[in-house]
Amino acid sequence: MSTRSAVSLEPRWVRVLLMTLAFGFLSIFLVLPLGAVLHAALSKGISAYLAALTEADTRSALKLTLFATVIAVPLNVVFGLAAAWAITRFQFPGKRVLVTIIDLPFAVSPVIAGMLFVLLFGAHGLLGPFLSDHGIKIVFAVPAIVIATAFVTIPFVARELIPALEARGPEQELAALTLGATPWQTFRRVTLPNLRWPLAYGAILATARAVGEFGAVSVVSGHIRGETNTVPLHVEILYNDFQYQAAFAVATILIGIALATLIAKSLIEWHAGRRRPPR
Amino acid sequence: MDVRVEHISKAFGEYPALDDISVTIPSGQLTALLGPSGSGKTTLLRTIAGIEAPDRGRVRFGEDDVTNLPVRERRVGFVFQDYALFDHMTVAENIAFGLSVRRASPKDIDTRVRELLARVQLSQFASRYPKQLSGGQRQRVALARALAPDPRLLLLDEPFGALDARVRAELRSWLRRLHDDLHLTSVFVTHDQEEALEVADQIVVMSNGKIEQAGAPDDVVDRPASAFVMDFLGGVNVLQGHAHGDYAVFGDLVLPYAGPTAGPARAYVRGEDLVLRALAAGSGDVSAVAVTVERVRRRGITARVLVTSAEHGELTAEIPHRELAALGVERGMRLVAHVRSARIFVEGQPS
């Protein structure tokens, strides 16, 4: 800061005011609440905190959240690669529609998304009779939670990959083909290594969203403790039961995952930045 | 192995990039595809490589019809305009790529990579990444990578386009020497007529998706098949006029013309065929026109003298320095410009 001040155009008081405002906002809306969560979580001591974390329903909620994430994120990576490749490399009818549809989960409220799946797979839904005839339960069961999680995370990977692919053009892939590589060798040895940072970035954002998703999952879950409860839903249930300390204790898991995501994201940005060509 | 392109057509949407093209690329020679941008030269190169599929027509390598052969089975070395090196691989890994995808043994790969690094004079850069190299070095890596799998044919798209003038001149003569060593049938695309004339054994001049002329540099320069070729090869003055039975008139200039037809005509006069003389020497010369000197530019052993004439506007004469001194040419001087020889084209019909 001090070394740059010589070329700054704004008077000193403007800079101080802007920085105070920025830090003030951050304190009031982020740091204070985080501190409050930690304070509440530890209000009955460390053993109560640990007890809340290791309780059976919490563990089952954590398991389900991780299960949904572990399925939704790889699905998202595969879909993102396919969609980004198709959009940037081929001309086909409906391309613009596809680009728009990829963003749909961002535009639609997650609650509406959840209701869509209830309408589709629920007992009175479009496919409901067929599913119940075959003894398949989707809504108010684990499959719906996975589907809803996959739905809300769809845009992340594709949106990171499309600009990366557009910036690169198809020449390296064409070069690989002229050198005798098969399409699979070209993808694995040329395309994928070039895309690993945007891909990792998109996957991390998708993971953060998958872990924290509340709205869509809340609608399709049915809130069956120990069965269809994810971590965010479990926090809400505990809170509504007036178990504040336990609710905040479980919330610290989500905060921890969020911080880990931020660190991973910064590491990737740092790494990707460092690998840029020395000029 | 010669390459024969037979009646190739290719359109991008409504826009015809190649229009019923047929040409033979002679075996073991270095051929230039020369033309302005949009003439179809890069599309033709990519069609030969198999990167672009023609709408109609055939491509043959020797006796093999390769029209439907996929790119990776054509065994064609292709050097892209911006090199398309693999950024995440070292120079050595880039060169090894074409060998390792064909599952060559690590020992063979190592030997071949060393040999090629030496050939392109980049041995000490083997473990660098492409982004750490200069443009000329990248160009040579791209060439080594294309040569590694021992291709039947080498294709280069604007190989010197992105480089500065000095590096370009060096690489040109280097490419020529490399070709003389390897005798690999090679085709390169360029829009620079000097480059084509200097480096190539054969020149294919293209415009608007058609081939204007194919031949040795001397043929193309001395016997241009069309007004376009003459114009594109550059350094020519164009005069507008009319052709009659056995002469043609361009303003007050009269030039001999022995063509079959009469009609509106254009005369193409090379800079070196426009001879500047003192005013007095021009009297009675019907093939000369009065001009005023505007500017003199020295380039190498000759000078370009820009003159204006009342009837023909700006004309450029190219004369040796000693003549320049002998005439005492300076700005504003009045001279006559004598047309020593001209090629006359009547309404789209070559003379």
Using a cut-off of 12 Å between beta-carbons, work out the net charge of the residues near residue B:254 (Lys and Arg +1, Asp and Glu -1, residue B:254 not included). -3
Among A:134, A:234, which comes first, second and so on when ranked by fewest other beta-carbon atoms within 10 Å? A:134, A:234
For the protein assembly as shown, size of Cβ-based charge dipole, Lys and Arg +1, Asp and Glu -1, in debye: 2140 debye
In whole Å, how far is the Cα centre of the stretch A:139-183 from that of the stretch A:112-127? 27 Å
With 10 angstrom as the radius, rank B:223, B:60, B:172 by how many other C-beta atoms surround their C-beta, starting from the fewest. B:223, B:60, B:172
Which of B:224, B:111, B:24 sits farthest toward the positive end of the charge dipole of chain B, with +1 on the Cβ of Lys and Arg and -1 on the Cβ of Asp and Glu? B:111
Descending Cα extents along the principal axes, the stretch B:276-351, whole Å: 40, 31, 19
Total charge of the residues flanking residue B:190 in space, meaning their Cβ is under 12 Å from its Cβ, with Lys and Arg +1 and Asp and Glu -1, is -3
Most mobile of B:92, B:326, B:118 per a Gaussian network model of chain B (Cα springs, under 10 Å)? B:326
Is the shape of the stretch A:1-81 best called rounded, prolate or oblate, per the rule: a/c under 1.5 gives rounded, else a/b larger than b/c gives prolate, else oblate, with a ≥ b ≥ c the square roots of the Cα gyration tensor eigenvalues? oblate
Does a label point 7 Å from the Cα of residue A:99, set along Cα-to-beta-carbon, have any residues of the stretch A:61-92 with amide nitrogen under 18 Å, and which are they? A:80-92
Just checking the output field for A:168-177: average partner chain Cβ neighbours within 10 Å of each residue's Cβ? 6
Taking chain B and dividing mean pair separation by its residue count, relative contact order in percent (alpha carbons under 8 Å, at least six apart): 16 percent
Could you put B:78, A:29 in order, starting from the residue whose Cβ has the fewest other Cβ atoms within 10 Å? A:29, B:78
Please pull out the direction-averaged projected area of the stretch A:9-144, using the convex hull of its alpha-carbon atoms, in nm² to one decimal place. 16.4 nm²
May I ask for log10 I(q)/I(0) of the stretch A:47-274 at q = 0.11 Å⁻¹, from a Debye sum over the Cα atoms as equal point scatterers with solvent left out? -0.66
Students often forget the sequence filter, so: which lysines lie under 24 Å Cα-Cα from residue B:41 once same-chain residues fewer than 8 apart are removed? B:10, B:210
Sorted by average packing, counted as other Cβ atoms within 10 angstrom per residue and highest first, what order do B:39-49, A:92-102, B:209-219, B:13-23 take? B:39-49, B:209-219, B:13-23, A:92-102
Shielding by partners, peptide A:179-187 (average Cβ within 10 angstrom, other chains): 6
Qualifying aspartates and glutamates (Cα of each under 15 Å from Cα of residue B:107; at least 8 residues distant if same chain): B:93, B:115
Could you list the square roots of 5 times each eigenvalue of the Cα gyration tensor of the stretch B:3-223, that is, the equivalent ellipsoid semi-axes, sorted largest first and rounded to whole Å? 29, 20, 16
Average projected area of the Cα convex hull of the stretch A:99-176, in nm²? 7.5 nm²
Listed residues B:202, B:146, B:40: farthest to the positive end of the dipole of the stretch B:3-223 (Cβ charges): B:146
Other protein chain Cβ atoms within 10 Å, averaged over every residue that makes up B:80-92: 4
Please compute one quarter of the surface area of the Cα convex hull for the protein assembly as shown and express it in square nanometres. 45.1 nm²
Listed residue (B:81, A:28, B:280) projecting farthest to the positive dipole end of the protein assembly as shown, Cβ model: A:28
In a shell of Cβ-Cβ distance under 12 Å around residue B:216, excluding residue B:216 itself, what net charge do Lys and Arg (+1) and Asp and Glu (-1) give? -3
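Read the figures in this text as sums done on the coordinates, not as results from a lab. Bear in mind the structure is a predicted one, so any value in this text is a computation, not a measurement. Neighbour counts run over all protein chains shown; Cβ positions are idealised from the backbone, glycine included.
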